[in-house]
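S.K.: Structure incoming, see below.
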């Protein structure tokens, strides 16, 4: 099982949408770029005017791969919003704090409870390029058409992120089917989606949103086996964590 992490100037690999198509921030205005030393490392999604949902492994250093950034001062972490271009972001925000799920557990083979919330120092003013994502009203069933969005690489091992925002259409599947196809334990807090060969999320997409057709944020990009190889990708199931999310942002 290959875990999608990140690529940055310090030799780490961010999690370009593999096989995706160009999109725009106006089409997906709730997505943000989480940045370390000014460089994109992960995606995220606005859930209030000052809170961002992302993957726990984007921020935690408590896993075997030692890929997180929590040991660094939070002043080195910023968030860019309302931008198509991850190399030249329009709006950059300082963060006040971040909270990783207390039961987050990361290993070389899986991320469990892979979810975190960033709080910005200031609130944003919504406009056509910055909006709040809707949270799911019910659990996500199999066979739901969805879209994953991000700035990640186009293929496994590529070192250059996508300059502009991309998207890929996927289909959610049952967790038991996902477990069989990935040969990896799939937990209740995880959500799987399948896609044709050559399509899926890749390095640099971690923490980014999986949207329903109605714009609900169903999942957060978590982990994958080799980009675009036709094997289901694994997301954090947002509905499973609604109580924790609401308690954290109140």
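S.K.: Output the peptides 114-124, 96-106, 24-34 sorted from most to least packed, where packing is the average of other Cβ atoms within 10 Å over each peptide's residues.
M.R.: In descending order of packing, they fall as 24-34, 114-124, 96-106.
S.K.: With only alpha-carbon atoms in the gyration tensor, what are the semi-axes of the equivalent ellipsoid for segment 199-250, in Å, largest first?
M.R.: 24, 12, 9
S.K.: A further question on this structure: So how do 222, 162 line up by other beta-carbon neighbours within 10 Å, fewest first?
M.R.: By the 10 Å Cβ count, ascending, the order reads 162, 222.
S.K.: While we're on this one: Taking the beta-carbon count within 10 Å as an exposure proxy, list 239, 201 from fewest neighbours to most.
M.R.: Listed from fewest to most nearby Cβ atoms, that is 239, 201.
S.K.: Rank by packing, highest mean first: peptides 168-178, 48-58, with packing defined as the count of other Cβ atoms within 10 Å averaged across residues.
M.R.: Top of the packing list down: 48-58, 168-178.
S.K.: How far apart, in nm, are the 7 Å Cα→Cβ label points at residue 129 and residue 96?
M.R.: 2.5 nm
S.K.: If each of residue 214 and residue 61 carries a label point 7 Å out from its Cα toward its Cβ, how far apart are those two points in nm?
M.R.: Once both label points are built, they end up 4.2 nm from each other.
S.K.: So, one more: Which order do 94, 74 fall in if you start with the one that has the fewest other Cβ atoms within 10 Å?
M.R.: The fewest-first ordering by Cβ neighbours comes to 94, 74.
S.K.: Binning every alpha carbon pair distance of segment 20-131 at 10 Å from zero, what are the percents per bin?
M.R.: 15, 46, 30, 9, 0
S.K.: Another question, then. Can you compute the FRET efficiency between residue 139 and residue 74 using 1/(1 + (r/R0)^6), with r the Cβ-Cβ distance and R0 = 30 Å? Round to the nearest 0.05.
M.R.: E between residue 139 and residue 74, to the nearest 0.05, is 0.35.
The numbers here are math on the coordinates, done by the rules we state, and not lab data. None of these values were measured; they are calculated from a predicted model. Every residue, glycine as well, gets a Cβ built from its backbone with ideal geometry; the counts of neighbours run over all protein chains shown.
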